[in-house]
Amino acid sequence: MKTALITGVTGQDGSYLAEFLLDKGYKVYGLRRRTSTPNYENVQHIKDRIEWLSGDLTDLASLIEAVRTSQPDEVYNLAAQSYVAASWPQPLATGQMTALSVTNMLEAVRIMKPDTKFYQASSSEMFGKVVETPQKETTPFYPRSPYGVAKLYGHWITVNYRESFNMFACSGILFNHESPRRGIEFVTRKVTDAVARIKLGLQNELRMGNLDSLRDWGFAGDYVKAMWLMLQQEEPDDFVISTGEMHTVKELLEVAFSYVGLNYEDYVVIDQAFVRPAEVDLLLGDCTKAKEKLGWELEVGFKELIHMMVDADLKRILAEKKSSFI
Ligand code: NDP
Ligand code: GDR
C-alpha cells in the first residue's frame with residue numbers, strides 16, 4: 001500500500017485527490033490547520049478514511065512532524081492562499097503561505113524523507129500578462145498579482161530542489177479548474193450559486209467585476225489525475241494542464257443563466273469592488289506535453305461543467321431551504 005500526504009486536503013483539489021488516491025488503495029494523510037470554525041464540507045464523505053495531521057504551512061516544525069509521522073511515498077503540496085483577489089490586500093500573508101511555505105514543505109521532505117516524490121501546485125497565473133499564446137511549459141512568466149509572484153517563487157524553488165538535491169519534485173502548471181466544491185468567491189461558483197438563488201427567488205442581482213477576461217476552465221476531478229500521473233513517471237518534470245479552450249466571463253454568465261431559462265443581462269451589475277488592480281486578460285493552455293508523456297485526457301467539457309455546478313447549487317440550496325422550514 002502506498003502512502004500519500006496531502007496539504008490543503010480540505011480544499012477543492014485536496015478533496016478530489018484524496019478520493020482518487022483512496023480509491024487506488026493509498027493510505028492518505030491529510031494536513032489540516034487549526035481554524036476557529038472547522039470546515040470539512042468537501043471531505044465530509046471521506047473524513048473517516050483520512051489520517052488527520054495537525055499542521056500549518058508556515059510552521060516548519062509541524063511539517064517536519066507530519067512527514068516523520070506519515071513517512072509518505074508521495075507528497076502533494078496543494079495548500080496555499082489561493083484567491084488571487086485577496087493577494088493585493090494581503091500580500092505578505094500570501095507570500096508566506098503561497099511562496100515561502102513551499103520551501104518549508106520541501107525542507108521537511110529533504111530533512112525527513114528525501115526519496116519522497118513531491119508535487120507542487122503551480123498555476124497558470126504565473127504566465128500573467130500575455131507574452132505568448134497558447135501558453136506552454138516554455139512560455140516566459142510575467143505574473144500580474146502578488147499571488148502570481150508567490151506561485152512563481154514556489155515553482156522555481158521546486159525546480160531548484162530537484163536540481164540541487166536530486167529530489168523527485170514536479171511542478172504542475174494548472175489552468176483554472178472548477179467543480180461544485182469550488183470556493184464560493186471564485187467566479188464560476190459565485191455565478192452558479194447566484195443563478196440557483198435567483199432561480200429560487202432568494203436573490204435578485206449579481207455584482208461582478210471584469211466580464212471580458214478569458215479563462216481556460218476545466219473540471220477539478222480531471223485535473224487531480226494529472227497530479228498523480230506526474231508522480232508515476234520515471235523522471236520528475238513540469239507539465240501544463242489545461243483544456244486548450246477559453247471563454248470570457250460573459251460566456252460563463254450566458255451558459256449558467258440560460259441553463260435555468262434566465263437572461264444574465266437582467267441581473268448582472270458591474271461593481272468596481274470586483275475589478276482587480278491588474279488583470280490577467282487571457283489564459284489559454286497548450287497541454288500537448290501532458291497528453292503525450294502522461295497520457296492525460298480530460299473528460300468534462302466547459303458547458304457540462306457549468307451545468308454540473310448549477311445543478312449542485314440548486315440541489316444544495318433547495319435542501320437548505322427545506323431544512324430551514326422544518
Ligand atoms: P482551495 O483554496 O480550495 O484550498 C486551499 C487549501 O489550503 C485549503 O484546504 C486550506 O485550508 C489550505 N491552507 C491554506 N493556508 C494554509 C496554511 N497556512 N496551512 C495549512 N493549510 C492551508 O484551493 P484549490 O483546491 O482550488 O487549489 C489547490 C492548490 O492549487 C492551491 O495551491 C492553488 O493555489 C493551486 N491552483 C489552483 C487552481 C484552480 O483553478 N483551482 C489552478 C492552479 C493552481 P482551510 O480550509 O483551512 O482554508
Ligand atoms: P483566477 O480565478 O483569478 O483566475 O484564479 P477567479 O475565478 O477568481 O477569477 C477569474 C476571472 O474572473 C474575473 N471576474 C471575477 N472574479 C471573481 N472572483 N469575482 C467576480 O465577481 C469577478 N468578476 C469578474 C476575474 O477578474 C478573473 O479575470 C484561479 C484560482 O483558483 C487560482 O488559485 C489559480 O491559480 C488560478 O485560477 C489559475
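Laboratory data are not the source of any read-out in this text; all were calculated from the coordinates shown. This is a predicted model, so every value here is computed, not measured. Cβ atoms come from the backbone with ideal geometry, glycine included; neighbour counts cover every protein chain shown.
The ranking of D193, D222 from fewest to most other beta carbons within 10 Å of each one's beta carbon is D222, D193. Looking at the chain, the DSSP beta bridges with both ends there are about 5 percent antiparallel.
Principal axis analysis of the Cα atoms in region 175-236 yields extents of 54, 25, 13 Å, listed in decreasing size. Principal axis extents of the C-alpha atoms in region 177-301 (largest first, rounded to whole Å): 54, 31, 20. Just from its helices, what would the mean residue ellipticity at 222 nm be for the chain, if runs of 4 or more DSSP H residues each count -39500 (n - 2.57) and the sum is divided by every residue, rounded to the nearest 500 deg cm²/dmol? About -11500 deg cm²/dmol.
Across all Cα atoms of region 1-133, the radius of gyration (one decimal) and Dmax (whole number) stand at 15.0, 46 Å. Per residue, the average separation of C-alpha pairs within less than 8 Å and at least 6 apart gives the chain a relative contact order of 17 percent. Given the options M97, M208, M309, state which has the largest fluctuation in a GNM of the chain using a 10 Å cut-off (strictly under) for Cα springs. Its mean-square fluctuation being the largest, the pick is M208. Semi-axes of the equivalent ellipsoid for region 1-64, computed as √(5λ) from the eigenvalues of its C-alpha gyration tensor and ordered from largest down, come to 19, 15, 9 Å. Shape summary of the chain, radius of gyration then Dmax from alpha carbon positions: 19.5, 61 Å.
Determine the relative contact order of region 134-201: mean sequence separation of Cα pairs under 8 Å and six or more apart, normalised by residue count, in whole percent. Numbers along the way, then the final one.
Numbers: 23 pairs, mean separation 10.4, N = 68.
Once normalised by length, the contact order is 15 percent.
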